[in-house]
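The values are calculated or read from the model by the stated rules, or taken from the named source; none is laboratory data. The structure presented is a predicted model; accordingly, all values stated were derived computationally and were not measured. Here the Cβ is made from the backbone with ideal geometry for all residues, glycine too, and neighbour counts use every protein chain on show.
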Amino acid sequence: MNLRRLFSIILKELRQLRRDRLTFAMIVGIPTLQLLMFGFAINLDVRHLPAAVLDQAETARSRELVAELSASQVIDVRYPLAAPQEVDALLREGRVSAVLVIPRDFEARLERGDRAALQLVVDGSDQVVQQAARQLAAYPLDRLRGAGTAPKDAGIEIVNFYNPERRAPINTVPGLVGVILTMTMVLFTAMALVREREHGNLEMLIATPVSPWELTLGKVLPFVGIGVLQVTVVLLLGRLIFAVPIRGALLDVYVASLVFILASLALGLFLSTLARSQFQAMQLAFFTFLPQILLSGFMFPFAGMPRPAQWFAEALPLTHFVRLIRGIALRGAGLAELWPELAALAVFSAAMLGLAVSRVHKRLD
Amino acid sequence: MSDAAIVARGLTRRFGALTAVDAVDLTVARAQVYGFLGPNGSGKSTTIRMLCGLLAPSAGEIEVLGHRIPQDAEALKRRIGYMTQKFSLYDDLTVQENLEFLGAVHALPRAGARRRIDALLARFWLDDRRGQLAGTLSGGQKQRLALAGAILHGPELLFLDEPTSAVDPQSRREFWDALFELADAGTTLLVSTHYMDEAERCHRLAILDRGRLVADGAPRALCAGLAQAVWLVDCVTPRAAQRALEGLPGVVAQAQIGAELRVLAERGRLDAARIAGHLAALGIEAQVHAGAANLEDVFVAATLPPRQAAGEEHAA
């Protein structure tokens, strides 16, 4: 080992690195992004779960209980309900994650203490919500009974909709479809176009009558097929190995996946217009992949994030797809009920595609 | 003017502070092989890219096959072929697949394309390579495939950017035969090169140096019109003779060719006797006689840095 030779290689490496601005930015950018996300955005302590209350007792104590539970900030009561039928629809549409159901005989149950005095119906398609619900159910009802009474148990009963056995694959598999699509679709497209440029094929192509739209669409469309294949593989294996159900319409699953695939391809396409080499394309894809997987609600609770992080997450396609696929596959919701998520994906796709095509010049400069 | 295949006036391209192509005027007649000769970085590729509409000029006017460029570049792209400097077909497609792809890109009718591909593969001795991946072809085969791809759609004008830089002399000869065949059939060809023997074959030649057009004409006319004289110095120690002549007023450039020294000198300032005398005074016995100017002399004279052209003295 010759130290001078070793040093010269180190120096060469550092010089090359300094001139690769994107890599250099990533060296600083990725830790910064991670730190900010884990530090500020990711919070396992769930707060402000959107919730509804169906108070059939309507007594002073039931109102006091609702106020107390709200004060815990775990739930954020947005809808006071009048009829039990409404509970189902709100949960299925994903507008609330939990519903507090206080029965007519709430007072009697509370006094007797033999049966749960009230129910907390939770959206079991999200694992985080289940945890939060358990935390909420530990609320001591004794305080409502007043001092002096003997503590009796059987407080709040949790009714877990959609995943009563609390099996983890049911929560993770549908979202995983989105994560896998994000990884492959964004990366494949970003690399595919850059490869054409890196190998010099692009210079030959743009001297032909090929239009930017033909070139872009032609490069991207094969990946739509690959994406659909991936969706099928994940869902089929989920079904066969983990018994993950698809409760909604299969057509809805594929329509939602297709729109999400388009959004991811459009993102990949846009990245390909920024990257100069395949390596850079890979780095950029990874850079967008991080916030998507961390902030989309797939891995960490969306409800636990501060407002600005939530706004940012709304701009990420995976956030909307996780909501869509969980809604359709687990809660049996239809696209008609989830249309805002679908619309968000469509808007994202259109914006990215527009940006990308405006940058695919048919000239070299 | 409209009869010419290419007319460019004041063609200029700047990249930041660098002027890659500087006010080039160019006229290329139809069915000619027009050469671009110049050292690396002289602006050959940039000029070709501007003429095909791949790069917008910073200033100047271009008319190619009657199309104004870059405004009308899309219409032009149907009528031209462009063979890039680097092999730009797909390494991971076969010979046949590459050509079929190009046929479709140019929207050739299917049956016609198939016949044309067969004919081109036969013409360029690639029949037996149809199923081979383009990336595994030899340099000469790749170059023939690239030419086949560039002329698949029967372009009226063909741009070739240093097409023979990666092939052996035999392949180069065959390649040039193919180019003349195309010119005979009425195709206009614009070829950039830095090989003198190739430049010599062109009907007409433009010499580019640091973005400027420094000479333009038929190769023979360029040689005949050389402003300098060529002297051949025959002696036992050509290296010593070269050092001795270095800096002698009137000497423009020297090059040792085998045992002979080739001296490019300003006309009227030096002659055979004065060169021999100068060498003899330094103890070098030499025979000096006049030589015929060749294209390399033209090229060297045209691309000399201005200081050296002025015959400035410097230490050997």
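Values for this structure:
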item	result
Top-ranked residue in the range B:157-191 [being part of a loop (DSSP other than H, G, I, E, B) and away from chain A (no Cβ under 14 Å); ranked as modelled with the lowest pLDDT]	B:VAL167
Subset of the range A:179-234 [farther than 28 Å from A:ALA256 by Cβ and β-branched (Val, Ile, Thr)]	A:VAL194, A:ILE206, A:THR208, A:VAL210
Qualifying position, being touching a strand residue (DSSP E or B) at 6+ places or on another chain (Cβ under 8 Å) and of a type in the set (Lys, Arg), among A:ARG323, A:ARG331, A:ARG276	A:ARG331
Strands (runs of 3 or more DSSP E) lying entirely in the range B:14-126 (those with 2 or more residues that are at the interface with chain A (Cβ under 10 Å from one of its Cβ atoms))	B:80-83
Single residue of B:LEU37, B:LEU89 found to be under 30 Å from B:SER138 (Cβ atoms), crowded, with 24+ Cβ neighbours inside 10 Å, touching a residue at least 60 places away in the same chain (Cβ under 8 Å) and not assigned by TED's automatic domain parsing to the domain that holds B:GLY217	B:LEU89
First in the range B:201-212 and under 16 Å from B:THR12 (Cβ atoms), second anywhere and hydroxyl-bearing (Ser, Thr, Tyr), Cβ under 6 Å, 6 or more apart	B:LEU208/B:SER42; B:ASP209/B:SER42; B:ASP209/B:THR303; B:GLY211/B:THR19
Residue count, the range B:104-127 (criterion: closer than 14 Å to A:LEU205 by Cβ and surrounded by 15 or more Cβ atoms within 10 Å (Cβ to Cβ))	2
The range A:211-233 - residue that is crowded, with 21+ Cβ neighbours inside 10 Å and aliphatic (A, V, I, L, M) and, of those, modelled with the highest pLDDT	A:VAL231
A:LEU205 surrounded by fewer than 22 Cβ atoms within 10 Å (Cβ to Cβ) and touching an Asp or Glu at 6+ places or on another chain (Cβ under 8 Å)	yes
Exclusive hit being out of contact with any strand residue (DSSP E or B) (no Cβ under 8 Å at 6 or more places or on another chain) and more than 24 Å from A:TRP311 (Cβ to Cβ), set A:ARG104, A:ARG63	A:ARG104
The range B:1-13 - residue that is part of a strand (DSSP E or B), of a type in the set (A, V, I, L, M, F, W, C) and out of contact with any Gly (no Cβ under 7 Å at 6 or more places or on another chain) and, of those, nearest to B:LEU65 (Cα to Cα)	B:ILE6
Matching helices (runs of 4 or more DSSP H) fully within the range B:232-313 where at least 1 residues are in contact (Cβ under 8 Å) with a residue 60 or more places away in the chain	B:238-245, B:295-302
Residue match in the range A:284-303 (condition: more than 12 Å from the chain's Cα centre (by Cα), among the polar types (S, T, N, Q) and at pLDDT 90 or above)	yes
Condition check for A:ASP123: modelled with pLDDT of 80 or more and in the same structural domain as A:ALA67 (by TED's automatic domain parsing)	yes
